[in-house]
Amino acid sequence: MPDAQTPTIDRLLAQRNAFRLDSGGDPAMARVRFLLNRWLWENYDAFNPLRLHIAHNGQRPLDHAKGLGAVVARLVDEGMIRGGGGRYRARDLEARQWLLGGWLEELGYIAMLDAGADEAFYAQRIGWRVGTVEGENEIDVIARKGDVLSFMSCKAVSPDYIDASARERDKYRDFLLEADYWEAHFADGKGRAVLLLSTDLIDETQNDSPFCPVLLARANILDVEVIGRELDPWPNLVNRLREHWA
């Protein structure tokens, strides 16, 4: 047990009149599904059509992306989806939530720990009080190294920024503000914030220039680190988060 002087996420949150409302996501499940989650991260182009198909309850036709058959076969084998003939559904509500984005929260959680965090939770509901007002937020990943808190927003979106709709791109700005708000509220500007997107943000064919310079400029102003799928494969993501903690 930590002594009274040892920093913990709970003690650091308490300094901001905030507290965890539950135990968050299941750490054991995140470890069990790690290889599958990593595989989805590294094969997201093929997985995204199925994700959208599930999101629309099987009513959206499946795009025949390269590798889609392998993704469908693996997720059927893993027991996460059911169906056939071009129509699939999640095994149950828990599987649906995982397919639509929970897998990325689990991946972000493991990445934070592998990058050196001392403590972390994911899918974590946080309660708070400001004067007489009470509220709550669900934070995708909250991590601690030493006495520094970091807040990660994990969003499964279009695999390529240039293919995203204007409406979806507007959401990226909202995601950025979400991560910034978490850090400001629960760490008083003394922590760190990360936006993890399943989108390729960098054009490697144009000297690694960003597809989204305005988004990254806003992130720089807000001091939110934006990480995209250009950091596939997995070791690159972990190394980037090690730099995040440095």
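The values are calculated or read from the model by the stated rules, or taken from the named source; none is laboratory data. If you're wondering where the values come from, they're calculated on a predicted model, not measured in any experiment. Each accessible area value is taken on the protein alone, full model and side chains, heavy atoms only, with ligands, DNA and RNA left out. Shrake-Rupley method; radii C 1.70, N 1.55, O 1.52, S 1.80 Å.
Along region 46-61 the Karplus relation, 6.51 cos²θ - 1.76 cosθ + 1.60 evaluated at θ = phi - 60°, assigns HN-Hα couplings of 7, 6, 4, x, 5, 4, 5, 4, 5, 4, 9, 6, x, 7, 8, x Hz to successive residues, with x for each Gly and Pro. Annotation: lysines with alpha-carbon distance below 24 angstrom to Lys145 (same-chain offsets under eight excluded): Lys155, Lys190. Taking Gly228, Gly101, Gly146 as the candidate residues, the one with maximal mean-square fluctuation in a Gaussian network model of the chain, Cα springs under 10 Å, is Gly146.
By the equivalent-ellipsoid construction on the alpha carbon gyration tensor, region 1-47 comes out with semi-axes of 34, 13, 10 Å, ordered largest to smallest.
At 1.002 mPa s and 20 °C, plugging the Kirkwood radius over alpha-carbon pairs of region 200-246 into Stokes-Einstein gives what diffusion coefficient in µm²/s?
Working: Rh = 11.5 Å.
Rounded, D is 186 µm²/s.
Each part reduced to its alpha carbon centroid, region 6-25 and region 86-132 end up 17 Å apart. Measuring between their Cα centroids, region 189-210 and region 32-81 lie 23 Å from each other. As a fraction of the 1.4 Å probe accessible area of the chain, surface on carbon and sulfur atoms comes out at 48 percent. Rg ratio for the chain: its Cα radius of gyration over 2.2 N^0.38 Å, N being its residue count, equals 1.03. Taking the longest Cα principal axis of the chain as reference, the axis of helix 103-114 is set at about 50 degrees. Using alpha carbons only, the radius of gyration of region 23-165 set against its Kirkwood radius gives Rg/Rh = 1.03.
Restricting to DSSP H runs of at least four residues, report the calculated mean residue ellipticity at 222 nm for the chain, -39500 (n - 2.57) per run over all residues, nearest 500 deg cm²/dmol.
Working: 10 runs with 104 residues, N = 246.
About -12500 deg cm²/dmol.
For region 1-70, the per residue solvent-accessible surface stands at 58 Å², with DNA, RNA and ligands left out and a 1.4 Å probe. The percentage of C-alpha pairs in region 109-153 whose separation is greater than 17 Å is 38%. At each listed q (0.11, 0.16 Å⁻¹), what is the log10 of I(q)/I(0) that the Debye formula gives for region 121-246 modelled as equal alpha-carbon point scatterers? Treating every Cα as an identical point scatterer, log10 I(q)/I(0) equals -0.40, -0.81. Database remark: amide H of Ile81 closer than 5 angstrom to the amide H of Val76, Arg91 (H placed geometrically; neighbours at sequence offset of 5 or more, or on other chains; Pro and chain starts carry no H). Average 1/r across all pairs of distinct alpha carbons in region 79-157, invert it, and you get the Kirkwood radius: 14.5 Å.
For region 170-178, the Karplus equation 6.51 cos²θ - 1.76 cosθ + 1.60, evaluated at θ = phi - 60°, returns couplings of 4, 5, 4, 5, 5, 4, 4, 5, 4 Hz by residue, with Gly and Pro reported as x.
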